[in-house]
Each structure stands twice: as structure tokens, then as C-alpha cells.
Amino acid sequence: MGVVDVIRARVTGGNRAEDWVRAVYQEYAHALLQTVTRWTSGDRQLAEDVVQETLVRAWRSHEQLTSNPASLRPWLYTVAKRIVIDEHRRRTVRPDEVGDDPHLAFGVDDGTDAMLRSVVMHEAMLALSDKHRDVLREVYFLGRSTHEAAEVLGIPRGTVLSRTYYALKALRLALAERGVTDLTVG
């Protein structure tokens with residue numbers, strides 16, 4: 001009794017196609033899975049998907065396959081091989097989905113964020129009075145001491161201190177109006 005006869009013997013009443021594919025699965029699935037796993041370079045999940053798709057196609061073609069039982073095994077392996085080839089072509093032609101690579105979850109620092117922060121800071125500085133802008137430029141952006149800033153601006157040191165305090169307060173408010181709350185200033 002050959003393999004085809006064994007499959008026929010397993011098929012009983014009820015839904016003949018389902019019984020037939022169940023018998024085909026019991027007879028061929030393990031060997032087919034091993035072969036397909038080699039064809040997919042050890043990718044077991046892909047191999048299982050290929051075997052499943054092969055058996056679905058066998059179920060759809062069970063009328064044709066039962067009429068010529070000798071062609072069943074070659075048909076299964078040929079279909080599985082074509083599915084593997086199609087999957088390989090699909091993966092090489094179409095780039096991977098973005099979400100699959102964990103390294104893509106982190107943005108690349110291309111300087112855009114720094115440039116945007118700079119533009120927002122520039123706009124916020126323009127919203128300040130000339131006196132507040134001048135004192136912040138001298139103390140924070142040029143790194144001068146309050147004594148040096150007082151000499152450059154021609155105002156007393158105490159005035160530099162108080163203007164710096166009120167300028168920072170005004171700058172925080174101007175930044176908040178532009179949606180920036182995470183910058184620490186002063």
C-alpha cells in the first residue's frame with residue numbers, strides 16, 4: 001500500500017476535502033517543513049507560513065490532486081519552492097517596514113532640533129526690550145561678568161544685575177508663549 005493509498009484510507013465520510021488535507025498534512029507536513037526550513041536559511045516562522053500556504057493551496061486543488069495521486073508529493077514541493085522564491089523576491093524588491101528595525105526608533109541628530117531651538121530663541125529675544133536684550137547678550141551669549149557688562153553698556157553693576165533678572169523673567173515668558181517650557185534659562 002503506497003502513501004496515496006494510506007491517505008485515501010484515512011479519508012472517511014464528512015467533508016472529503018478537509019479530511020483529505022488533514023491526511024496530507026499528517027503524511028507530508030513534517031518532511032516538507034524540514035525541507036522548507038533549509039530553503040529559508042533556517043527561518044522556522046517563514047517555513048511554517050510556507051507549509052501552511054502550500055497546504056491551503058493543496059486544499060483548494062484537492063479535486064485535481066486526488067485525480068492524479070502520484071503527482072501529490074512533487075506538487076507540494078514545487079508549490080512550496082515557488083512560495084519561498086516569491087517571498088524572497090518580495091523581500092529583496094520591497095524595503096523592510098520602518099517599524100521592524102529597532103535602531104530606527106531613535107531619531108538621527110541632523111541638527112534640525114538645534115536649528116529650531118535657535119530660531120525660537122532668536123524670536124523670543126526679539127520680543128524683549130532693547131535694554132533686556134543687550135544685558136542678556138553681554139552676560140549670557142558673550143560670557144562677560146556683570147562688572148564687564150556694566151563697563152560695556154555704560155551702566156552701574158547693580159543695574160546689570162536687576163536687568164538680567166527681569167530680562168530672564170521676560171525671556172521665559174516669551175519662550176512659554178512660543179510653546180517652549182523645557183529650556184532652562186538662567
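Both radii are taken from the alpha-carbon atoms of the stretch 114-177; with Rh as the Kirkwood radius, Rg/Rh is 1.00. When each of ASP134, ASP49 is scored by the number of other beta-carbon atoms lying within 10 Å, the sequence from fewest to most is ASP49, ASP134. A Förster radius of 22 Å, combined with the Cβ-Cβ distance separating ASP49 from ARG16, puts the computed FRET efficiency at roughly 0.25. When the chymotrypsin sites (Phe, Trp or Tyr not before Pro) in the stretch 114-186 are filtered for DSSP coil states and for at most 16 other beta-carbon atoms within 10 Å of their beta-carbon, no site remains. Annotation: extensible slack from HIS147 through LYS131 equals 4.1 nm (criterion: 0.36 nm per residue apart, minus Cα-Cα distance).
Here, each number is a calculation from the coordinates, and none is a lab measurement. This is a predicted model, so every value here is computed, not measured. Note: ideal-geometry Cβ built from the backbone for every residue, glycine included; neighbour counts use all protein chains shown.
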